[in-house]
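The values are calculated or read from the model by the stated rules, or taken from the named source; none is laboratory data. Fair warning: this is a prediction, and the values are worked out from it, not measured in the lab. So basically every Cβ, Gly included, is an ideal-geometry build from the backbone, and we count neighbours across all protein chains shown.
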Amino acid sequence: MPTAQGLEGTSFSNGEAEVAEVVARYEAAFNQNDARAMNALFSPDTVFVNFSGTVVSGAEQLYQAQSFVFAANGPLADITVRYTTENIAFLTPEVAVARARQRSVPSEERAAEADDPLEAILTMTLLRDAAGQWRIRMAQNTPVVAQ
């Protein structure tokens, strides 16, 4: 089971740990190219703005997009990333916003590169569903531009 990381030196409250676990499961699904596991984290009516700025509406459309990018020879098939949770805020007990930094895990040949072309800020708005599970309702993955 993946574990939540981030918020250095801060221990998570129970609610924060649950939300951070969603981020950890998102990372695990990404790195395993598992579109089904990733899609299970989203609500059916989700809206997602991906790294390239494309708006994807609904879990079915999102699953199709995830399946494409994770497929063999897909644009993310050979990419490994790490998400570090930097902030979790509760708007209500049933609504949370999580912000995590995405960084690629460099291969040996890319280890010396200073710039990370996949560095991004992933912001998720999560809702607790009727079963008590956190689901991503809206998310945006914004590239970090090197200055």
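The single condition among (1) at pLDDT 95 or above; (2) farther than 19 Å from Ala29 by Cβ; (3) in a helix (DSSP H, G or I) that Glu109 does not satisfy is (1). Here Gln133 meets the list (1) more than 25 Å from Glu21 (Cβ to Cβ); (2) loosely packed, with under 15 Cβ neighbours inside 10 Å almost entirely, failing just condition (1). May I ask you to verify whether Gly132 is over 16 Å from the mean Cα position of the chain (by Cα), at pLDDT below 95, closer than 25 Å to Gly15 by Cα and not acidic (Asp, Glu)? It is true that Gly132 is over 16 Å from the mean Cα position of the chain (by Cα), at pLDDT below 95, closer than 25 Å to Gly15 by Cα and not acidic (Asp, Glu). Taking region 1-99 and the strands (runs of 3 or more DSSP E) fully enclosed by it, the elements with 2 or more residues that are touching a Gly at 6+ places or on another chain (Cβ under 9 Å) and modelled with pLDDT of 95 or more are at 42-49, 81-92. Inside region 30-57, can you point out the residues that are surrounded by fewer than 17 Cβ atoms within 10 Å (Cβ to Cβ) and free of Cβ contacts under 8 Å to residues at least 24 places away in the same chain? Gln32, Ala37, Ala40, Pro44, Ser52, Gly53, Thr54, Val55, Ser57 - these are the residues of region 30-57 that are surrounded by fewer than 17 Cβ atoms within 10 Å (Cβ to Cβ) and free of Cβ contacts under 8 Å to residues at least 24 places away in the same chain. On inspection, Val97 does not qualify as under 16 Å from the mean Cα position of the chain (by Cα) and over 13 Å from Val22 (Cα atoms).
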